[in-house]
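Colleague: Here's a structure for you.
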Amino acid sequence: MIPDQEGPATPSGADNKFDDEHYPAYTMGRAADMLGTTQGFLRSLDEAGLITPQRSAGGHRRYSRHQLRLAARVREMVDQGTAIDAACRIVTLEDQLHEAQNLNRSQGLASEGTHD
């Protein structure tokens, strides 16, 4: 499962929410329209444990840009014939690899600064 992660701490305000890829800005209907898919497809990704959308005060699913990128990648793989559970696993592993590479890169930059 890839929960919607907290982004870096930033000052509050509407402008910052637009820049935050983890801010749950999109309703299920809007997200489905943007991806060219159905709401049922998005629900299946939630059931498969790939993405866990946040909920509005009324209990409606809300998706972030990060989650929509993951869903779009799964959709692409499913359209090419990959089973949805396999596509979800592949996307999870790709996302974990990307996060690990970013962490290694940032730690490498930090250690370069300490070798004077």
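We did not get these values from a lab; they are worked out from the coordinates using the rules stated. Computed from a predicted structure; not experimentally measured. Don't worry about glycine lacking a Cβ; one is built from the backbone with ideal geometry, like all the others, and counts go over all protein chains shown.
Colleague: Can you tell me how the stretch 15-112 classifies by the Cα gyration tensor, rounded, prolate or oblate, using a/c under 1.5 as the rounded cut?
Modeller: Taking the square roots of the gyration eigenvalues as a ≥ b ≥ c, the stretch 15-112 is oblate.
Colleague: Also, quick follow-up: Would you work out which of Thr27, Gln107, Gln67 lies farthest towards the positive end of the dipole of the stretch 15-112? Charges go on Cβ: Lys and Arg +1, Asp and Glu -1.
Modeller: Going by the charge dipole, the pick is Thr27.
Colleague: Would you mind calculating the gained length between His98 and Thr82 on full extension (0.36 nm times residue separation, minus the Cα-Cα distance), in nm to one decimal?
Modeller: 3.6 nm
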